[in-house]
């Protein structure tokens, strides 16, 4: 189904995300995550391998600063940052926006973690998180909680997702939720940074 029904509800949006295949096709718990090297808000390169040399890494993909839901989720992760760092973890957010936009958002919201630029969702594709939104796109963006509609409607979007990657590059946690307005619980993220037995998929 490439279109939402007339008078679509949030349940319709959730069912559409379940049916489009993006959740099933994304990197799952127990799978190796793609390596990457992306620019942060200061145009400095950040390499996943170098981060993993220091410990596990929490990675959260966001729609961008135009999504109040994503920005609120970053604030909750910011509040949990001391707990993440106490577990020797590193937190990075990945956005399609350029470094200048990430820099402005980080300064405005006081983020103390790197916001990395995934130009044209190249990394998101490797993670299996990109999809073509259904018509009408304006209705879909409203379900996603966009504060304002972009001047040019996107041809593809990213599923907001959060991973914890262990020192071997394996996904120990994956938040992949069909409800387009839900985001990862930072307490679960911090818990999955602790050394323990095999992890299980979580969807909040």
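Values in this text are rule-based calculations from the coordinates and carry no lab data. All of these numbers come straight from a predicted model, not from anything done at the bench. Cβ placement follows ideal geometry from the backbone for every residue including glycine, while neighbour counts extend to all protein chains displayed.
Structure notes:
- The relative contact order of the chain, computed from alpha carbon pairs under 8 Å that lie at least 6 residues apart in sequence, is 30 percent.
- Within the listed set 165, 189, 29, the residue fluctuating most in the Gaussian network model of the chain (springs between alpha-carbon atoms under 10 angstrom) is 29.
- Share, in percent, of DSSP beta bridges within the chain that are antiparallel, nearest 5: 60 percent
- Using a Förster distance of 45 Å, the FRET efficiency for residue 125-residue 82 (Cβ separation, nearest 0.05): 0.85
- Measure of compaction for the stretch 58-136 (Cα Rg per 2.2 N^0.38 Å): 1.14
- Here the sum of -39500 (n - 2.57) over DSSP H runs of 4 or more residues, divided by the residues of the chain, equals -8500 deg cm²/dmol at 222 nm, to the nearest 500.
- For the chain, the longest principal axis of the alpha carbon atoms and the long axis of helix 99-109 meet at an angle near 80°.
- Extension gain, residue 43 back to residue 194 (0.36 nm per residue minus Cα-Cα distance, nm): 51.3 nm
- Per the Debye calculation on the stretch 1-104 with a single equal scatterer at every Cα and no solvent contribution, log₁₀ I(q)/I(0) for q = 0.13, 0.14, 0.25 Å⁻¹ amounts to -0.66, -0.75, -1.40.
- Sorted peptide list for 64-72, 30-38, criterion being average Cβ within 10 angstrom, highest first: 64-72, 30-38
- Overall form of the stretch 33-88 per C-alpha gyration tensor (a/c, 1.5; a/b vs b/c): oblate
- Measuring r between the beta carbons of residue 168 and residue 138 and using R0 = 45 Å, the FRET efficiency lands at 0.60.
- Entry for Rg and Dmax of the Cα atoms in Å (calculated from the structure that is shown) out of [x] 17.3, 53; [y] 16.2, 50; [z] 19.5, 63: [y]
- Full extension of the segment from residue 31 to residue 181, taken as 0.36 nm per residue of separation minus the current Cα-Cα distance, would add 51.5 nm.
- Here residue 112 and residue 15 are evaluated by their C-beta separation; at R0 = 45 Å the FRET efficiency comes out at 0.75.
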